[in-house]
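Step one of this worksheet: look at the structure below.
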Amino acid sequence: MLADDLKTLLATQYALSIKAQYFHWNVEGSDFAQYHDFFANFYEEVYSAVDRIAEYIRTLQEYSPGSFERFQELSIIQGQTKVPRARLMIEELLSDNNTVIDLLNQTFASAEQENNQGIANFVAERLDAQAKHGWMLRSFLKDQRA
Ligand SMILES: [Fe+2]
């Protein structure tokens, strides 16, 4: 059901945004500034989708979740309480980003099934945005050419 997919998506996007902000705060190493800025752009962009997802849930005449407790129940990505090394932070965000892309594809299918073009269009935009994040995350992990 589309509303249920959107609730999962809301909690998962929120969790991804918080994790990237956590990495922004705690990353260390010689490339600190680069990682610190990258994580800032990442969490801000991901967070920018949260309000629209919640308001789409309301257009479907359902109430939107909005507490740590509910987000914890609904999110399909795990939180992080340790402080991984910078490269592991990137690997973790890449894995989570792929999880979000799968969830967006599922949500897109639900939106089409329920003939909701507006939400399908929004979800397609999110797929584009998360694909761009995926490109950047993968680029960090690529070994340098000799
Ligand atoms: Fe900051």
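The values are calculated or read from the model by the stated rules, or taken from the named source; none is laboratory data. Keep in mind the model is a prediction, meaning the values are calculated, not measured. Cβ placement follows ideal geometry from the backbone for every residue including glycine, while neighbour counts extend to all protein chains displayed. Heads up: the accessible areas ignore ligands, DNA and RNA and are worked out on the full protein's heavy atoms, side chains in. Shrake-Rupley method; radii C 1.70, N 1.55, O 1.52, S 1.80 Å.
Before moving on, here are some points about what is shown:
- Scanning segment 119-146 for residues that are assigned to a helix (DSSP H, G or I), open to solvent by 20 Å² or more (accessible area, probe 1.4 Å) and without any contact (Cβ under 8 Å) to a residue 40 or more places away in the chain returns ASN121, ALA124, GLU125, LEU127, ASP128, ALA131, LYS132, TRP135, SER139.
- Any hit, segment 24-33, residues being surrounded by 22 or more Cβ atoms within 10 Å (Cβ to Cβ) and in a helix (DSSP H, G or I): no
- Flag for SER64 being open to solvent by 30 Å² or more (accessible area, probe 1.4 Å), away from the ligand (no atom under 16 Å from the Cβ), of a type outside the set (Lys, Arg) and not in a helix (DSSP H, G or I): yes
- Restricting segment 38-50 to residues that are assigned to a helix (DSSP H, G or I) and open to solvent by less than 90 Å² (accessible area, probe 1.4 Å), the residue that is farthest from the ligand (Cβ to nearest atom): VAL50
- Output for segment 67-76, where each listed residue is within 22 Å of ILE101 (Cβ to Cβ) and not in a helix (DSSP H, G or I): SER75, ILE76
Residue-wise test of (1) open to solvent by less than 70 Å² (accessible area, probe 1.4 Å); (2) of a type in the set (Ser, Thr, Tyr); (3) more than 14 Å from the chain's Cα centre (by Cα); (4) under 15 Å from ILE18 (Cβ atoms).
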residue: ILE57; (1), (2), (3), (4): yes, no, yes, no
residue: PHE68; (1), (2), (3), (4): no, no, yes, yes
residue: ILE77; (1), (2), (3), (4): yes, no, no, yes
residue: ARG87; (1), (2), (3), (4): no, no, yes, no
residue: ALA109; (1), (2), (3), (4): yes, no, yes, no
residue: ASN116; (1), (2), (3), (4): yes, no, yes, no
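- Among residues of segment 4-38 being touching a helix residue (DSSP H, G or I) at 6+ places or on another chain (Cβ under 6 Å) and of a type in the set (Gly, Ala, Ser), the one that is farthest from SER110 (Cα to Cα) is GLY29.
- First in segment 4-28 and touching a residue at least 60 places away in the same chain (Cβ under 8 Å) and among the aromatic types (Phe, Trp, Tyr), second anywhere and within 16 Å of the ligand (Cβ to nearest atom) and open to solvent by less than 10 Å² (accessible area, probe 1.4 Å), Cβ under 9 Å, 6 or more apart: TYR14/VAL46; PHE23/PHE39; PHE23/PHE42; PHE23/MET89
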